[in-house]
Amino acid sequence: MSSVEGYILKQKLELKTLANEAKVCYNGTMKTEGKIANFIKSRPYLVWYVGDAQKLSESSVLEHALNYGSWEDVQKLIEILGKKKATEIFQAQVSQKRNNYKPMIKNYFQLYFKKNA
C-alpha cells in the first residue's frame, strides 16, 4: 500500500468515526429533548402562565422545576438532564447579574449542586 492510499484510508476512517459520534450526540440530544417535553407536559403546574410549554429550553425548564417544583420534580429532571448538565445550567444562570431564582432557592441549590455535582 502506498503512502497516498494509507492517507486516504486513514481519512475515511476518521470521517466514519466523526459521523458515528455525531449520530450518537444527535440521538442523545433528541432523547433528552423528548424526555424534557414529556416531563413538562405532565407537570403543567410548573409553567401555568406559559403559552406553549413545549418550546421552553432546558434552562427554562430547570429554572421552573427548581423554583416551583416538588422535590420529586427536581430529582426527576436532574435524572433526565444528568447531574453534570443540570449543575452547569444552574451555575450559568446564577452567574448572571440577574436571574429568576428566589433567594432561598438560589442559596439552597448552590449548596446542593456544590455538594452533589
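Before moving on, here are some points about what is shown:
- 2 or more residues aliphatic (A, V, I, L, M) and in contact with a helix residue (DSSP H, G or I) (Cβ under 7 Å, 6 or more places away or on another chain): qualifying helices (runs of 4 or more DSSP H) within the stretch 40-117: 58-68, 71-81, 83-94
- Total residues in the stretch 63-75, condition in contact with a Lys or Arg (Cβ under 9 Å, 6 or more places away or on another chain) and surrounded by 17 or more Cβ atoms within 10 Å (Cβ to Cβ): 5
Read-outs: derived from the displayed coordinates by stated rules, not from any lab. In this text, all values refer to a predicted model and were calculated from it rather than measured experimentally. Here Cβ is always computed from backbone atoms with ideal geometry, including for glycine, and neighbour counts include all displayed protein chains.
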